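The block underneath contains the structure these notes are about, expressed in structure tokens.
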Amino acid sequence: MFKGTFYNHQVAAAHKVMVRIFDESLQFDKVQDGMPSHRYHWLFTEINIEVNNSRFMRIVNNTEDGGSLEITDPEFIKMFLGQYKRTRSIGLHGLILHSGVQLGIAAMVIIIGLALLAHFIVLPWCADKVVDRLPRSFDKELGMTAMRSMNEDKDTVASELLTKFAAQMQWDSPDSLTFTVVPGDIENAYALPGGYIFVYTGLLEKLQQKEELAALLSHEVAHVTCRHSVRGVCRDMSSAVVLSLILTNSGSLTSALVTNANALYGLTYSRKYEEQADIVGMQTMRRNHIDQQGMLQLMEILQKLSKDTRVPEFISTHPLTKNRINYVRNDIKEHPGKVNEHAQMESLFHQLKALSKK
Amino acid sequence: MQQQHSPSGFVSHRPALTYNGDGGTYFGILLVNALLTTVTLGFYYPWAKAKKLQYVYSSTELDGSRFAWHGTGNEMFKGFLKTLAVLAAFFGARYLLDKIGLGIITPFLTLAVVALVVPFAIHSSNRYHWSRTSWRGIRFGYRGDRKELSGIFLGSFALTVVTLGIYSSWMAINMRNYVLSKIRFGSGEFKYEGRGGEYFALNLKGFILTFLTLGIYSFWWQADQYRYLVDNLSLEHEGKSFRLRSTAEGTEFAGLLIVNAILLVFTLGLAFAWVETRTMSFLMSHVEIEGDIELSQLAQTEEEYRDAMGEDMADLLDINVI
């Protein structure tokens with residue numbers, strides 16, 4: 001016998017009752033002053049239950065002789081659920097309500113684990129698969145759109161020279177490549193999907209050897225052939241969809257935190273792409289019998305440029321030049337290559353330099 | 001229940017309002033909700049909402065008995081589908097107007113739809129919400145009239161626009177006076193008696209002092225607003241009444257909100273469930289109820305209303321009913 005409170009759904013009077021649990025039913029007597037006592041017998045099949053936690057539950061019976069019972073005795077709740085569960089399933093929420101914090105936290109750890117797994121492993125994998133199926137024309141279109149929106153100036157003469165320079169090398173790329181020199185002090189170069197390579201005069205001025213320029217172009221073309229931008233876009237898009245789904249359920253503060261964490265993670269991804277572009281670029285150089293030391297010299301120039309702005313690696317889009325120098329050096333040691341003269345490239349390089357000095 | 005026999009022979013009761021939820025369990029519920037909502041691409045939302053409300057209501061205790069929420073995911077999902085149909089019709093109409101070259105009147109169409117939809121959402125979400133709320137098996141109810149409500153809403157809204165927002169305090173109170181006074185608690189009737197002028201003065205003072213104290217006064221402003229909501233509310237039943245009073249002070253609000261903010265920041269938001277639980281517990285424990293109503297005499301008078309369309313619309317429009 002367990003204490004409970006009964007309400008008859010007609011007036012808000014609370015009746016203290018003693019409840020008995022049977023195999024497939026409940027029974028209690030309502031005693032009221034000056035009235036004959038009334039016995040209630042509720043079958044498990046005619047009741048609905050609502051478990052709040054291990055210290056409160058409500059049993060509702062909507063039949064003619066119904067009403068609701070509220071019970072705060074943990075012993076009753078345990079015993080009743082033991083009986084009731086055999087006839088009905090209790091569901092995921094019921095389980096959590098009943099077991100409280102521990103299960104909640106265990107579930108959270110598992111869910112967060114699964115979410116992380118999905119976000120960091122499954123999603124990028126899926127995005128990669130999607131990219132492998134996208135036609136190359138998609139890259140081209142994306143690159144053209146990006147190019148139109150950036151609308152960079154073009155140094156026509158220098159661009160022609162650079163194109164001739166690049167034509168001296170064999171590129172293992174399914175895209176048609178376009179090389180452009182952009183006037184500007186920025187010491188940078190970049191590649192758009194679809195084979196659009198841009199080099200700023202600021203960086204050209206800093207280069208001393210034709211091998212360095214060859215290394216730079218090899219690196220940028222590797223971005224294009226590996227379709228890094230498209231991969232990045234697909235990855236970002238899929239993770240944005242998942243994040244927005246999760247974040248609709250949490251406060252704005254959490255969303256800010258998660259979004260920032262995701263941006264930081266995106267950076268480590270772009271560093272991985274950079275490293276791959278370096279390695280693939282070296283392959284290109286070997287195939288063309290160009291001295292791979294050019295890549296090392298390029299790195300050293302970049303290191304000098306970045307001396308004044310030291311960024312910790314975890315917030316940088318590129319691997320630290322020091323790391324890059326290390327793995328490039330190792331790669332050269334592992335794959336020594338034949339070196340040819342390339343007189344034509346040498347002369348083109350000097351023409352380019354002469355042009356940028358003006 | 002505490003009882004005090006006053007000299008005049010009235011029996012005075014002070015039923016306690018308490019919140020018994022615990023953050024851990026609530027966290028578990030929100031977590032499972034979030035997971036299922038994510039996995040089902042949002043379609044679980046109505047069921048998630050039902051689970052959450054069920055827990056919150058059952059954790060709220062008045063005079064030793066818990067409140068109950070009877071709304072179901074199925075009802076709210078149907079409401080959601082109807083809401084979608086209305087939205088689709090609206091966007092379809094807009095598209096057609098554009099197509100046949102009557103694009104100029106789309107702003108008017110939008111305005112007309114908003115003018116219709118907002119009062120409709122407030123009205124029917126109140127009907128649904130209160131009908132699905134009960135205490136000791138006695139249902140609450142909302143007996144407002146949609147046309148009257150629309151009139152008050154549109155009139156107040158027009159004045160708010162004309163006065164560049166100054167009238168918004170009066171508008172809030174007009175709506176409260178109407179909606180809250182139409183709420184039934186079985187045979188009991190709620191009354192809300194606010195004055196727009198008082199509420200405006202309260203907000204003006206709050207705004208100016210918050211500005212002058214660089215935000216510090218905002219806690220006291222919040223306490224004032226809460227007091228204005230609670231203290232003007234009363235329950236009447238057969239000539240007897242209960243008055244409500246807020247005992248929450250600005251310093252207490254400051255304590256609550258500052259700790260909440262710290263909890264959220266240092267747990268990256270995971271403490272959300274505990275923060276809500278603390279807040280709920282704070283708000284309820286600071287309401288004092290006193291009067292001579294015999295709660296056990298409240299009788300079942302309100303019908304059931306299962307159409308959740310307004311509830312879903314109000315959700316979509318981000319209108320808070322309670």
- Query: Within segment B:248-264, can one find any residue that is among the β-branched types (V, I, T) and under 22 Å from B:Y178 (Cα atoms)?
  - Reply: no
Filtering segment B:307-320 down to residues that are surrounded by fewer than 17 Cβ atoms within 10 Å (Cβ to Cβ) and either among the acidic types (D, E) or touching an Asp or Glu at 6+ places or on another chain (Cβ under 8 Å) (or both) yields B:D307, B:D318
Residue count, segment B:245-263, condition over 29 Å from B:Y192 (Cα atoms) and open to solvent by 40 Å² or more (accessible area, probe 1.4 Å), comes to 5
Checked segment B:78-113 for anything open to solvent by less than 50 Å² (accessible area, probe 1.4 Å) and in contact (Cβ under 8 Å) with a residue 60 or more places away in the chain; matches are B:G79, B:T83
(request) Answer with yes or no whether A:F28 is of a type outside the set (S, T, Y) and either in a helix (DSSP H, G or I) or more than 14 Å from chain B (Cβ to nearest Cβ) (or both). (result) yes
Restricting attention to segment B:257-291, the residues that are in contact with a helix residue (DSSP H, G or I) (Cβ under 6 Å, 6 or more places away or on another chain) and more than 19 Å from B:T18 (Cβ to Cβ) number exactly 6
B:K49 passes all but one of the listed conditions (1) at pLDDT 85 or above; (2) open to solvent by 40 Å² or more (accessible area, probe 1.4 Å); the exception is number (2)
If you go through B:E290, B:E276, the only one that is among the charged types (D, E, K, R), within 30 Å of B:K240 (Cα to Cα) and either at pLDDT 80 or above or touching an Asp or Glu at 6+ places or on another chain (Cβ under 7 Å) (or both) is B:E290
Sole miss for A:E220 among (1) open to solvent by less than 60 Å² (accessible area, probe 1.4 Å); (2) in contact with an Asp or Glu (Cβ under 7 Å, 6 or more places away or on another chain) is condition (2)
The condition of being open to solvent by 30 Å² or more (accessible area, probe 1.4 Å), facing chain A (nearest Cβ under 7 Å) and among the hydroxyl-bearing types (S, T, Y) holds, among B:T25, B:T18, B:T72, B:T38, only for B:T38
Filtering segment B:161-192 down to residues that are open to solvent by 20 Å² or more (accessible area, probe 1.4 Å), free of Cβ contacts under 8 Å to residues at least 60 places away in the same chain and in contact with a strand residue (DSSP E or B) (Cβ under 8 Å, 6 or more places away or on another chain) yields B:R176, B:N177, B:L180, B:S181, B:K182, B:E189, B:F190, B:K191
Just wondering, is there one or more residues in segment A:4-16 that are open to solvent by less than 80 Å² (accessible area, probe 1.4 Å), of a type outside the set (F, W, Y) and closer than 24 Å to A:K85 by Cα? yes
Of all helices (runs of 4 or more DSSP H) fully inside segment B:205-315, the set with 1 or more residues that are under 21 Å from B:S58 (Cα atoms) and in contact (Cβ under 8 Å) with a residue 24 or more places away in the chain is B:272-285
Residue pairs within 7 Å by beta carbon, gap of at least six or interchain, first lying in segment A:121-141 and open to solvent by 70 Å² or more (accessible area, probe 1.4 Å), second among the charged types (D, E, K, R), listed first then second, are A:R136/A:D175
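The values are calculated or read from the model by the stated rules, or taken from the named source; none is laboratory data. Every value quoted in this text rests on a predicted model; they were computed, and no experiment measured them. Here the Cβ is made from the backbone with ideal geometry for all residues, glycine too, and neighbour counts use every protein chain on show. With ligands, DNA and RNA removed, areas are computed over all heavy atoms of the protein, side chains included. Shrake-Rupley method; radii C 1.70, N 1.55, O 1.52, S 1.80 Å.
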